[in-house]
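To start, the structure under review is shown below, and the notes come after it.
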Amino acid sequence: MSFLFRQFFLGLLWVYRHLISPLTPASCRYTPTCSAYAVQAIEKYGPWRGGRLALRRIASCHPWGGHGHDPVP
């Protein structure tokens with residue numbers, strides 16, 4: 001079951017990265033980008049823990065949040 005969720009979330013991220021993101025201006029404050037971070041986190045930790053890490057990262061991506069190089073732990 002976890003495999004299905006992993007593939008589902010990675011599929012959503014693929015759609016975002018290849019179809020939606022190119023239409024918007026680059027504005028991510030981090031490297032790697034939040035979507036690349038999410039893919040790496042889900043591949044490394046699975047959909048649940050990786051998803052939580054990705055959501056924490058996305059939530060911190062605002063003008064008063066962090067910036068710079070922030071790899072997946």
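The values are calculated or read from the model by the stated rules, or taken from the named source; none is laboratory data. Keep in mind the model is a prediction, meaning the values are calculated, not measured. All Cβ positions, even for glycine, are placed from backbone atoms using ideal geometry, and neighbour counts span all protein chains on display.
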Cys61 fails exactly one of (1) touching a strand residue (DSSP E or B) at 6+ places or on another chain (Cβ under 7 Å); (2) loosely packed, with under 12 Cβ neighbours inside 10 Å; (3) hydrophobic (A, V, I, L, M, F, W, C), namely (2)
### Task
For Gly50, indicate whether it is modelled with pLDDT of 95 or more, over 15 Å from Asp70 (Cβ atoms), surrounded by 10 or more Cβ atoms within 10 Å (Cβ to Cβ) and of a type outside the set (Phe, Trp, Tyr).
no
Those residues of region 20-47 which are surrounded by fewer than 13 Cβ atoms within 10 Å (Cβ to Cβ) and either outside any helix (DSSP H, G or I) or touching a residue at least 60 places away in the same chain (Cβ under 8 Å) (or both) amount to Thr24, Pro25, Ala26, Ser27, Thr31
The residue from Ala38, Ala26, Ala59 that alone is of a type outside the set (S, T, N, Q) and either touching a His at 6+ places or on another chain (Cβ under 8 Å) or at pLDDT 95 or above (or both) is Ala38
Listed by first then second residue, the pairs whose first member lies in region 4-19 and is touching a residue at least 24 places away in the same chain (Cβ under 8 Å) and within 15 Å of Ala54 (Cα to Cα), whose partner is surrounded by 14 or more Cβ atoms within 10 Å (Cβ to Cβ) and of a type in the set (Ser, Thr, Tyr), with beta carbons under 9 Å and at least 6 positions apart or on separate chains, are Leu13/Ser35
